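One structure is given here, and the rest of the page talks about it.
The values are calculated or read from the model by the stated rules, or taken from the named source; none is laboratory data. Predicted model, so just to flag it, every value in this text is computed and none were measured. Glycine also receives a Cβ, built like all others from the backbone with ideal geometry; neighbour counts cover every protein chain displayed.
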Amino acid sequence: MPSFDIVSEVNKVELKNAIEQANKEISTRFDFKGSDARIEQNELDLTFYADDDFKLKQVTDVFHGKCAKRGVDVRLLEAKDAEKISGNKMKQPVEVKNGIDQETAKRIVKMIKEAKIKVQSSIQGDAVRVSGAKKDDLQTAIQLVKASVKEIPLQFQNFRD
C-alpha cells in the first residue's frame, strides 16, 4: 500500500552553516567592532548575544538573512524574551522547532478525513503518515496539506509503493 510521511524538520547542516556565516559577518562588520555580538549553538537551541537591544536586533537580522540564503526556513525559529545579563549586555535564547506539534498534526489528520479522500492518516510521533490504495489520492492529499498549512514548513518524505 503506497504511503508517505509529512514531517517538519530543519536541515542541521545548513543551520550550522548559517550560524557560522552570520558569526563571520558579525565579526567583520564595522558597526560590531569591539562588541561581544555572536551566536552560539547547543544542538537545536541557539543563543544570540549582543551589547544592547539594537545590536541584538541586528544580529537577528544578519542571521535571518543567512538562513534565507542557505534555505533554512525562519518559521522554525522561536525567539524567547531577551534578557539582560551583565551591564548592558543582552542575551536572547532561540529554540529551533523540529517535528510537527500534536495540535497541528491532529488538524492535518482531521483536514484529510474531512476532504473525503480515500486515504488513511495517522500520527506517528512528530510526523503524520498517510497511506492509500492509489498514488493519485496520495498526491491529492499532498496538495491539500500544502495549500492549507502555512504556519510551519512541511516536507513530504518516505514515499513508498
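Look through the range 1-26, keep the residues that are of a type in the set (Gly, Ala, Ser) and at pLDDT 90 or above, and return whichever of them is nearest to Leu77 (Cα to Cα). Per the criteria, the residue is Ala18.
For residues in the range 1-43 being of a type in the set (Gly, Ala, Ser) and under 27 Å from Lys106 (Cβ atoms), which is surrounded by the fewest Cβ atoms within 10 Å (Cβ to Cβ)? So, considering only residues that are of a type in the set (Gly, Ala, Ser) and under 27 Å from Lys106 (Cβ atoms), the one surrounded by the fewest Cβ atoms within 10 Å (Cβ to Cβ) is Ser3.
For Lys89, the test of being over 23 Å from the mean Cα position of the chain (by Cα), assigned by TED's automatic domain parsing to the domain that holds Asp136, modelled with pLDDT of 85 or more and basic (Lys, Arg) is failed. Can you find a residue that is of a type outside the set (Lys, Arg) and touching a Gly at 6+ places or on another chain (Cβ under 9 Å) anywhere in the range 82-91? No, the range 82-91 has no match at all. Just one of the listed residues (Lys91, Lys66) is surrounded by 13 or more Cβ atoms within 10 Å (Cβ to Cβ), part of a strand (DSSP E or B), basic (Lys, Arg) and free of Cβ contacts under 8 Å to residues at least 60 places away in the same chain, and it is Lys91. All of Val145, Val128 fail the test of being under 18 Å from the mean Cα position of the chain (by Cα), more than 30 Å from Lys55 (Cβ to Cβ) and in a helix (DSSP H, G or I), apart from Val145.
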